[in-house]
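Novice: A single structure is presented below for examination.
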Amino acid sequence: MTLSRRIAAEGMGTALLLAVVVGSGIMGQRLSGGNDAIALLGNTIATGAGLVVLIHMFGPVSGAHFNPAVTLAVLMRRDIDGRAALLYVVAQFTGAVAGVWIAHAMFAEPLLQISSKLRDGPAQGFAEGVATFGLIGTIIGTQRSRPEFTPVAVGLYITAAYWFTASTSFANPAVTVARSLSDTFAGIAPVSVPLFIAGQLVGTVAAVGFFTWLFRQERTQ
């Protein structure tokens, strides 16, 4: 595929992902009668299912990263060049913001918002590190042994991580920044964003190091 098509796939795929995340959060909150557990469950199912479909849709074109952390991991493993990686990241951030606005428009919410939902504290940052470590490990591991299963594995992992991490597993810098622009169920206050991104980057680097070592083929003498 040409680079322009790959960039378009990353932008559109990330936009649709954020429309799913934010839109399902709004719908869940409106229908849950104030029960956050039910709202989160609806948000979780939609996000996991949406990821499986979107990765199948756009994976053959761009690899379906939809996530600067994934692109960084692929760059660290030298499976993408620096210029393409930079363009992927720009497309991901741009698409993520567009996806939030799409969700707002669908639910007749004001397009321009700033979240007031604080997600602070060391435990939140650590949770993002754990969530991202597991996500990158899921991708590296399944791509090595069963690449056709990667879309399902990623969807299932994120579905689980919504519930076992204190942060509800953003695990994505573009998603984190974009969700700061939505004062809805899925939002995160801008002041909480740096901690989340720091955790995500640490988790990415740790995962690439560990899983590259774990799956390295030993030389036979």
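The values are calculated or read from the model by the stated rules, or taken from the named source; none is laboratory data. Source: prediction; values computed, not measured. Heads up, the Cβs are rebuilt from the backbone with ideal geometry, glycines too, and the neighbour counts pull from every protein chain shown. Surface areas here come from the heavy atoms of the whole protein model, side chains and all, with no ligands, DNA or RNA. Shrake-Rupley method; radii C 1.70, N 1.55, O 1.52, S 1.80 Å.
Novice: In this structure, is residue 38 surrounded by fewer than 24 Cβ atoms within 10 Å (Cβ to Cβ), part of a helix (DSSP H, G or I) and over 15 Å from the mean Cα position of the chain (by Cα)?
Specialist: Details: surrounded by fewer than 24 Cβ atoms within 10 Å (Cβ to Cβ): yes; part of a helix (DSSP H, G or I): yes; over 15 Å from the mean Cα position of the chain (by Cα): yes.
It is true that residue 38 is surrounded by fewer than 24 Cβ atoms within 10 Å (Cβ to Cβ), part of a helix (DSSP H, G or I) and over 15 Å from the mean Cα position of the chain (by Cα).
Novice: Hey, any hits in region 205-220 for a residue that's within 24 Å of residue 19 (Cβ to Cβ), in contact (Cβ under 8 Å) with a residue 12 or more places away in the chain and buried (at least 20 other Cβ atoms within 10 Å of the Cβ)?
Specialist: In the first step, residues of region 205-220 are kept if they are within 24 Å of residue 19 (Cβ to Cβ); the result is none.
Scanning region 205-220, I find no residue that is within 24 Å of residue 19 (Cβ to Cβ), in contact (Cβ under 8 Å) with a residue 12 or more places away in the chain and buried (at least 20 other Cβ atoms within 10 Å of the Cβ), so the answer is no.
Novice: Residue under question is residue 121, and the condition is that it be on the phi < 0 side of the Ramachandran plot and at pLDDT 95 or above; does it hold? I'd like the intermediate steps shown before the answer.
Specialist: Working: on the phi < 0 side of the Ramachandran plot: no; at pLDDT 95 or above: yes.
No; evaluated as a whole, the condition is false for this residue.
Novice: Given the condition of a type outside the set (Asp, Glu), assigned to a helix (DSSP H, G or I), surrounded by 21 or more Cβ atoms within 10 Å (Cβ to Cβ) and at negative phi, answer yes or no: does some residue in region 178-186 qualify?
Specialist: Going residue by residue through region 178-186, those that are of a type outside the set (Asp, Glu) are 178-182, 184-186.
With the extra rule that they be assigned to a helix (DSSP H, G or I), the set shrinks to 178-179.
From what is left, the residues that are surrounded by 21 or more Cβ atoms within 10 Å (Cβ to Cβ) are 178-179.
Then drop every residue that is not at negative phi, which leaves 178-179.
Looking for residues that are of a type outside the set (Asp, Glu), assigned to a helix (DSSP H, G or I), surrounded by 21 or more Cβ atoms within 10 Å (Cβ to Cβ) and at negative phi, one finds at least one in region 178-186, hence yes.
Novice: In region 158-169, which residue that is assigned to a loop (DSSP other than H, G, I, E, B) and open to solvent by 10 Å² or more (accessible area, probe 1.4 Å) is farthest from residue 53 (Cα to Cα)?
Specialist: Quick first cut of region 158-169, residues assigned to a loop (DSSP other than H, G, I, E, B) only: 165-169.
If we keep only those that are open to solvent by 10 Å² or more (accessible area, probe 1.4 Å) as well, we get 165-166, 168.
Working: 165: 23, 166: 26, 168: 21 Å.
Going through the qualifying residues, I end up with 166.
Novice: Something else about it: Mind listing whichever residues of region 61-79 are part of a loop (DSSP other than H, G, I, E, B) and buried (at least 19 other Cβ atoms within 10 Å of the Cβ)?
Specialist: From region 61-79, those part of a loop (DSSP other than H, G, I, E, B) are 63-67, 77-79; that's our starting set.
Scanning region 61-79 gives 63, 64, 65, 66, 67.
Novice: Among the residues of region 80-110 satisfying the criterion of being aromatic (Phe, Trp, Tyr) and open to solvent by less than 70 Å² (accessible area, probe 1.4 Å), which is farthest from residue 216 (Cα to Cα)?
Specialist: We begin by selecting, within region 80-110, every residue aromatic (Phe, Trp, Tyr); these are 88, 93, 101, 107.
Remaining after also requiring open to solvent by less than 70 Å² (accessible area, probe 1.4 Å): 88, 93, 107.
Working: 88: 27, 93: 32, 107: 48 Å.
The extreme case among them is 107.
Novice: Which of (1) in a helix (DSSP H, G or I); (2) open to solvent by 40 Å² or more (accessible area, probe 1.4 Å) is the odd one out, the single condition residue 125 does not satisfy?
Specialist: Looking at each condition in turn, residue 125 falls short on (2).
Novice: Considering only residues that are more than 24 Å from residue 24 (Cβ to Cβ) and either open to solvent by less than 10 Å² (accessible area, probe 1.4 Å) or modelled with pLDDT under 95 (or both), which ones fall in region 187-202? If you could, list the steps in order and put the result at the bottom.
Specialist: Filtering region 187-202 for residues more than 24 Å from residue 24 (Cβ to Cβ) gives 191, 194-195, 198, 201-202.
Hits for region 187-202: nothing passes.
Novice: Now for a different question. Can you tell me which condition residue 143 does not meet? The list is (1) touching a residue at least 40 places away in the same chain (Cβ under 8 Å); (2) not in a loop (DSSP other than H, G, I, E, B), and all the others hold.
Specialist: Of the numbered conditions (1) touching a residue at least 40 places away in the same chain (Cβ under 8 Å); (2) not in a loop (DSSP other than H, G, I, E, B), the odd one out for residue 143 is (1).
Novice: Go through region 140-157 residue by residue and tally those that are open to solvent by 40 Å² or more (accessible area, probe 1.4 Å) and either over 17 Å from residue 17 (Cβ atoms) or aromatic (Phe, Trp, Tyr) (or both). Before the answer, list the steps.
Specialist: Here is the first cut: in region 140-157, the residues open to solvent by 40 Å² or more (accessible area, probe 1.4 Å) are 143-149, 152, 156.
Remaining after also requiring either over 17 Å from residue 17 (Cβ atoms) or aromatic (Phe, Trp, Tyr) (or both): 143-149.
Residues that pass the stated criteria total 7.
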